[in-house]
Every structure is written in C-alpha cells, then in structure tokens.
Amino acid sequence: MSGSPDCRAARVWRVPDVSEHFTIFLEGEAIATEADFLEEIRQQTGIGWYGGNLDALDDMLASAIPQAWGKFRIVWRNADLSMRAEPQRRLMIIGSLKEAEARFSDRFLGLNLTFAEPWFDDGEDRWTQQN
C-alpha cells in the first residue's frame, strides 16, 4: 500500500551534539607514567585502535577525536602530580598538547592545566630557586 510507514529496522547513526563540546578529564594523581596518560586518552575517547604513542596522539588530536566527538577540550587537573618520576616526559606531553592546541584551534578548543602546588612562592619562581 502506497504511503504506509516502512516497518523494517532502521539504521541509527551517532551524530555528535555540536552544541556541547567533548571534554577529556585527566587526574594527575592517576597518571604515573606516559603509558597511563596515553591509556586514559584511549579509554575516555573510546578509540581503541589508537597507537598509544605521541605520534598517534597527534593524529588523535588532529582527526580521530574530532571525527568521533566533534570539537573537544582537555582538562588536566593537578598536572604536576602526573609522571613525577618522568618530569621531562610530562613536559614533552604538555608541549605536544599546547602545539596541537595552536595547530588545530578549530577543533581542539583548549588545554586547561591546574596544579596541586603553586609555581610561584613569595615572588620567586622555582626556576630561579633551582638554578
């Protein structure tokens, strides 16, 4: 009969809600190693095939996360408590994220870092105190 509804099963496609932005929340205390950081990104995005290294992270930030979730941001709470045994790797990851934030500003809407310990004390910064 013409004009009757089609009762066959419909295919449903997930469409990102463009009115809300996807946010990855990282907790510094829970990230002891670079592998922990990369695994947290994998788990929160649900993108299981991602390679788990910094080159793959760049690909994730450039295209995989925006394709899966739309525009996104990263909130890293108490970042200074992450990877305490690997502070140079932590700085490298933060640098990579900041660089990606600048290159992909149309989709990577921001990196927000908070710190458990203040960086500046009594007008002296830690760099001056350490050198």
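The values are calculated or read from the model by the stated rules, or taken from the named source; none is laboratory data. Treat the numbers as computed from the prediction; the structure is a model and nothing was measured. Here the Cβ is made from the backbone with ideal geometry for all residues, glycine too, and neighbour counts use every protein chain on show.
Tallying residues that are within 22 Å of GLN88 (Cα to Cα), in contact with a strand residue (DSSP E or B) (Cβ under 8 Å, 6 or more places away or on another chain) and outside any strand (DSSP E or B) within the stretch 17-67 yields 5.
Return the residues of the stretch 74-89 that are in contact with a strand residue (DSSP E or B) (Cβ under 6 Å, 6 or more places away or on another chain) and either surrounded by fewer than 17 Cβ atoms within 10 Å (Cβ to Cβ) or assigned to a loop (DSSP other than H, G, I, E, B) (or both); say none if nothing qualifies. Answer for the stretch 74-89, where residues must be in contact with a strand residue (DSSP E or B) (Cβ under 6 Å, 6 or more places away or on another chain) and either surrounded by fewer than 17 Cβ atoms within 10 Å (Cβ to Cβ) or assigned to a loop (DSSP other than H, G, I, E, B) (or both): just VAL75. Exactly one residue among ILE65, ILE24, ILE31, ILE47 is among the aliphatic types (A, V, I, L, M), buried (at least 16 other Cβ atoms within 10 Å of the Cβ) and at pLDDT below 95, and that residue is ILE47.
Looking only at the stretch 100-110, decide whether some residue is of a type outside the set (S, T, N, Q), surrounded by 15 or more Cβ atoms within 10 Å (Cβ to Cβ), touching a residue at least 40 places away in the same chain (Cβ under 8 Å) and assigned to a helix (DSSP H, G or I). Before you say what the answer is, go through the steps one by one.
Residues of the stretch 100-110 of a type outside the set (S, T, N, Q): 100-104, 106-110.
Subsequent filtering for residues that are surrounded by 15 or more Cβ atoms within 10 Å (Cβ to Cβ) retains 100-101, 104, 107-109.
Those still in the list that are touching a residue at least 40 places away in the same chain (Cβ under 8 Å) too: 100, 104, 107-109.
So of that shortlist, the ones also assigned to a helix (DSSP H, G or I) come out as 100.
Yes, the conditions are met somewhere in the stretch 100-110.
Of all the residues in the stretch 48-83, those that are free of Cβ contacts under 8 Å to residues at least 12 places away in the same chain and touching a Lys or Arg at 6+ places or on another chain (Cβ under 7 Å) number 1.
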